[in-house]
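A.B. asks: Could you have a look at this structure, given as structure tokens, before my questions?
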Amino acid sequence: MRNEALTIVKAAIKAADPYFNTKKILSELAIKENVSVISLGKAAVPMARAAEDFFGKRISAGLLVTKYHHTEGFCSPYFEIIESAHPISDENSINAAEKGLEIASALTENDVLIVLLSGGGSALFEKSRISPEMQREITGKLLSRGADITEINAIRKKLSLVKGGLLANAAYPAKVITVALSDVLSNSPSVIASGPTVLPENSDKFILDTAKKYLYDFPTEIINILTQKQDIRINDGGYFFAGDINLLCDKALEKAAELGFTVHSMERNITGEARKEAQRIINSIPSAKGKHCYVFGGECVVTVKGFGKGGRNQEMALQAAISLHGKKGITCICAGSDGTDGPTNDAGGIVDGTSYEKMLNCGISPEKELAENNSNFALHSSGDIVTTGPTGTNVNDITVILTDNYES
């Protein structure tokens, strides 16, 4: 079942490649104005490639911003390529944002700015109202204290000069068209990459409450910036989706059915603490005769208390290894669709009833490594790590559980 689980997840990720959907959307828009393109995020390369293949020489200015080692050897006469850091911005993130603002600010009412968005854009493309050091510290605190993606992006937008519609504001009066590969469970345009082309939707109260919850030890001037009013103008040419969590999960179910499993579409909005959600999911799987496949989607969080290395999917997989100890007829795989889980080069983990013993045989206590947030080490040691490399897409995370004559 381990091979089948890997096959299912890889098929789902492949189906979520945004190239074809992006190209299809662009072909249906009948754009006649001058075209500039900014492609941001972990899927920036396939989306930019789609724009290049469709528009060609019509692209008067192009910028591609993605995570380090995600360019896949892509080079283009139409796009300047900048690699920057994720999940915490670096100097290249600032350079990318400055270049994007430069492109946008040069446009007129005779131009169209096409913005291609995918997950990771919030960190990869950033110019802040505060110092880079303070910005990185705030993002780090939000991540380590368990803030979810909506809370993190709400704070990022208010501290930014490009998020929350400000990139589109810089392009005004040019028309701005957005094509997004959604890594947000709600598919809210204001949350995807922190909404550089749409008006922010979070209330001042939500932002203030988030700051008090996670940034309680930061200076008062940060709170003042977070509550400032902004006047934003946008010439909106439309917002279109090139893929989301539903596409990922649907393709997983389709592939599982092809492999002879009875399929069960489960939750697609899992957002809780990774280890708690993993235990809950495992406990929800019933005894059943024959082959069954259960597909879950979402994006959990990890509250970092230890000094180890891992990501939310690896933490889920390590907890699943503990919960499945000694059980037969069940396999669980947890993976990030972008291929990079947390600050690692691995996508997640795949475990079964033997994983716990394999860790013990390596001299590892699974419970201790989990407490230290050291899931990457534990899963590598037992041979249960999942490594795909950068996938070119980013539509949240997927958990697939396969059973064969399983007794819970």
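A.B. asks: Please verify whether Asn187 is under 18 Å from Gln228 (Cα atoms) and either open to solvent by 20 Å² or more (accessible area, probe 1.4 Å) or assigned to a helix (DSSP H, G or I) (or both), treating the condition exactly as stated.
C.D. replies: Values: under 18 Å from Gln228 (Cα atoms): no; either open to solvent by 20 Å² or more (accessible area, probe 1.4 Å) or assigned to a helix (DSSP H, G or I) (or both): yes.
Criteria not met by Asn187.
A.B. asks: Here's a check for you: in segment 395-408, which residue that is in a loop (DSSP other than H, G, I, E, B) and open to solvent by less than 10 Å² (accessible area, probe 1.4 Å) is nearest to Val304 (Cα to Cα)? Spell out the reasoning first.
C.D. replies: The initial filter retains those residues of segment 395-408 that are in a loop (DSSP other than H, G, I, E, B), namely 395-396, 407-408.
Add one more test, that the residue is open to solvent by less than 10 Å² (accessible area, probe 1.4 Å), and what stays is 395-396.
Values: Val395: 23, Asn396: 20 Å.
The residue in question is Asn396.
A.B. asks: Considering only segment 151-176, state which residues are open to solvent by less than 10 Å² (accessible area, probe 1.4 Å) and either in contact with a strand residue (DSSP E or B) (Cβ under 7 Å, 6 or more places away or on another chain) or within 30 Å of Ala30 (Cβ to Cβ) (or both).
C.D. replies: Of everything in segment 151-176, those that are open to solvent by less than 10 Å² (accessible area, probe 1.4 Å) and either in contact with a strand residue (DSSP E or B) (Cβ under 7 Å, 6 or more places away or on another chain) or within 30 Å of Ala30 (Cβ to Cβ) (or both) turn out to be Leu159, Ser160, Val162, Lys163, Gly164, Gly165, Leu167, Ala168, Ala171, Ala174, Val176.
A.B. asks: Could you list, ordered by first residue, the pairs with Cβ atoms under 7 Å in which the first is in segment 62-87 and touching a residue at least 24 places away in the same chain (Cβ under 8 Å) and part of a loop (DSSP other than H, G, I, E, B) and the second is open to solvent by 20 Å² or more (accessible area, probe 1.4 Å) and of a type in the set (S, T, N, Q), at least 6 apart or interchain?
C.D. replies: Ala85/Asn92
Yes/no per residue for (1) in contact with an Asp or Glu (Cβ under 9 Å, 6 or more places away or on another chain); (2) of a type outside the set (Gly, Ala, Ser); (3) within 25 Å of Leu124 (Cα to Cα); (4) assigned to a helix (DSSP H, G or I):
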position: Leu208; (1), (2), (3), (4): no, yes, yes, yes
position: Lys212; (1), (2), (3), (4): no, yes, no, yes
position: Ile223; (1), (2), (3), (4): no, yes, yes, yes
position: Asp231; (1), (2), (3), (4): no, yes, yes, no
position: Gly238; (1), (2), (3), (4): no, no, yes, no
position: Ala242; (1), (2), (3), (4): no, no, yes, no
position: Leu247; (1), (2), (3), (4): no, yes, yes, yes
position: Asp250; (1), (2), (3), (4): no, yes, no, yes
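A.B. asks: Okay, next question. Any idea how many residues of segment 288-330 are farther than 30 Å from Lys213 by Cβ and either polar (S, T, N, Q) or surrounded by 20 or more Cβ atoms within 10 Å (Cβ to Cβ) (or both)?
C.D. replies: Here is the first cut: in segment 288-330, the ones farther than 30 Å from Lys213 by Cβ are 288-295, 321, 324-330.
Next, only the ones that are either polar (S, T, N, Q) or surrounded by 20 or more Cβ atoms within 10 Å (Cβ to Cβ) (or both) stay: 292-295, 321, 324, 330.
Selection size over segment 288-330: 7.
A.B. asks: Yes or no: segment 364-371 includes at least one residue that is under 22 Å from the mean Cα position of the chain (by Cα) and in contact (Cβ under 8 Å) with a residue 12 or more places away in the chain. Give the steps one after another, and end with the answer.
C.D. replies: Step one: of segment 364-371, the residues under 22 Å from the mean Cα position of the chain (by Cα) are none.
There is no residue in segment 364-371 that is under 22 Å from the mean Cα position of the chain (by Cα) and in contact (Cβ under 8 Å) with a residue 12 or more places away in the chain.
A.B. asks: Could you tell me whether any residue of segment 331-343 is β-branched (Val, Ile, Thr) and surrounded by fewer than 17 Cβ atoms within 10 Å (Cβ to Cβ)? Let's see the steps before the verdict.
C.D. replies: Filtering segment 331-343 down to residues β-branched (Val, Ile, Thr) leaves 331, 333, 340.
Checking the rest, the ones that are also surrounded by fewer than 17 Cβ atoms within 10 Å (Cβ to Cβ) come to none.
For segment 331-343, residues β-branched (Val, Ile, Thr) and surrounded by fewer than 17 Cβ atoms within 10 Å (Cβ to Cβ): absent.
The values are calculated or read from the model by the stated rules, or taken from the named source; none is laboratory data. Just so you know, these numbers come straight off a predicted model, no measurement behind them. Neighbour counts are summed over all protein chains in view; Cβ atoms, including those assigned to glycine, are modelled from backbone coordinates with ideal geometry. Side chains included, ligands, DNA and RNA excluded: accessible areas come from the protein's heavy atoms. Shrake-Rupley method; radii C 1.70, N 1.55, O 1.52, S 1.80 Å.
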